[in-house]
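The values are calculated or read from the model by the stated rules, or taken from the named source; none is laboratory data. From a predicted model like this one, the values you see are computed outputs, not experimental measurements. Neighbour counts run over all protein chains shown; Cβ positions are idealised from the backbone, glycine included. Please note that ligands, DNA and RNA were not included when accessible areas were found on the heavy atoms of the full protein model with its side chains. Shrake-Rupley method; radii C 1.70, N 1.55, O 1.52, S 1.80 Å.
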Amino acid sequence: MTTSSPRRTLALLLGAVICGGAGQAAAQGHSHGGQHTHAAVPADSVHRPWTAADVHFMSHMIGHHAQAIEMARLAPTHGANPTVRRLAERVINAQQDEIATMQQWLRDRKQPVPEARASATMTMTTNGVEHQMRMPGMLTDAQMKQLGEARGPEFDRLFLTFMIQHHRGAVAMVEELFGTHGAGQDDTVFKFASDVNVDQTTEIARMQQMLVAILFDGGTP
């Protein structure tokens, strides 16, 4: 069931604005791993209860982030271009911090705290029945193997291609959160999910530009 809310509207508007200005932001060096662009919490914000959907989002995003870090850690040993290596470093720094935030949020609410380990699936409940489904954007084992075997320019191309796929999956998870009735109202969850939406949308645009430089200009990203 979905519904609209002022927070959801604000978050989606932020994403739309960033999509339009992503190229400019990239040119200005606003990075994922730098200072986060926290979405403003409404001035009349009051403490709002967290929901099962919030726990679901924070729990599964830990595994999602862990795979991004696993991918990024390949860059130094796989001949990545310096620009790609800097991007990978930002991904590692930012997403390690975000994993700690998610784990602490779950711990404070006495919820199970997943380890920071890549997990491709998440548990969904439909009509009271739990089932496993693949998280959006997660690389398959074959894609991870392909990335692991690549070196130099081929690594750069695959890294950017796969990280764009991965980031789009994270943005889709945010959209699902804000589209779920009552979810994303807790202040921490709202700010965190909004940051993921803004930061990763911006980074997708930056990586697309880098990929174009590799594929069509024959230059370095």
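For region 75-85, does any single residue satisfy the condition of being part of a helix (DSSP H, G or I) and charged (D, E, K, R)?
yes
Within region 190-198, is even one residue closer than 24 Å to Arg85 by Cα, part of a helix (DSSP H, G or I), touching a Pro at 6+ places or on another chain (Cβ under 8 Å) and touching a residue at least 60 places away in the same chain (Cβ under 8 Å)?
The answer is no; no qualifying residue exists.
Of all residues being of a type in the set (D, E, K, R) and modelled with pLDDT under 95 in region 70-117, which is nearest to Ile204 (Cα to Cα)? Just the residue, please.
Among those that are of a type in the set (D, E, K, R) and modelled with pLDDT under 95, it is Arg117.
Which residue pairs have Cβ atoms under 8 Å apart, sit 6 or more places apart or on different chains, and have a first residue in region 76-101 that is closer than 16 Å to Thr161 by Cβ and a second that is of a type in the set (Lys, Arg) and open to solvent by less than 50 Å² (accessible area, probe 1.4 Å)?
The qualifying pairs are Leu87/Arg206.
Answer yes or no: is there a residue in region 42-57 that is modelled with pLDDT under 50 and open to solvent by 60 Å² or more (accessible area, probe 1.4 Å).
Taking every residue of region 42-57 in turn, at least one turns out to be modelled with pLDDT under 50 and open to solvent by 60 Å² or more (accessible area, probe 1.4 Å).
Mind listing whichever residues of region 171-189 are of a type outside the set (A, V, I, L, M, F, W, C), assigned to a helix (DSSP H, G or I) and over 18 Å from Pro136 (Cα atoms)?
Asp187, Thr188 - these are the residues of region 171-189 that are of a type outside the set (A, V, I, L, M, F, W, C), assigned to a helix (DSSP H, G or I) and over 18 Å from Pro136 (Cα atoms).
Kindly indicate the residue of region 70-118 that is β-branched (Val, Ile, Thr) and open to solvent by 50 Å² or more (accessible area, probe 1.4 Å) and also nearest to Leu147 (Cα to Cα) among those meeting that condition.
Only one residue tops the list, namely Thr77.
If the Cβ limit is 6 Å and pairs must be 6+ apart or interchain, which residue in region 169-185 that is surrounded by fewer than 21 Cβ atoms within 10 Å (Cβ to Cβ) pairs with which residue that is of a type in the set (A, V, I, L, M, F, W, C) and in a helix (DSSP H, G or I)?
Correct list of pairs: Thr180/Ala53.
Is one or more of the residues making up region 150-159 open to solvent by 60 Å² or more (accessible area, probe 1.4 Å), more than 26 Å from Gly184 (Cα to Cα), at pLDDT 95 or above and hydrophobic (A, V, I, L, M, F, W, C)?
Checked against the condition, which is being open to solvent by 60 Å² or more (accessible area, probe 1.4 Å), more than 26 Å from Gly184 (Cα to Cα), at pLDDT 95 or above and hydrophobic (A, V, I, L, M, F, W, C), region 150-159 yields no hits at all.
Has region 127-138 got any residue that is out of contact with any Lys or Arg (no Cβ under 9 Å at 6 or more places or on another chain), small (Gly, Ala, Ser) and either at pLDDT 95 or above or open to solvent by less than 50 Å² (accessible area, probe 1.4 Å) (or both)?
Looking through region 127-138, none of the residues is out of contact with any Lys or Arg (no Cβ under 9 Å at 6 or more places or on another chain), small (Gly, Ala, Ser) and either at pLDDT 95 or above or open to solvent by less than 50 Å² (accessible area, probe 1.4 Å) (or both).
Go through region 129-161 and give me each residue that's touching a helix residue (DSSP H, G or I) at 6+ places or on another chain (Cβ under 8 Å), farther than 17 Å from Ser119 by Cβ and part of a helix (DSSP H, G or I).
Result: Gln146, Leu147, Pro153, Phe155, Asp156, Arg157, Leu158, Phe159, Leu160, Thr161.
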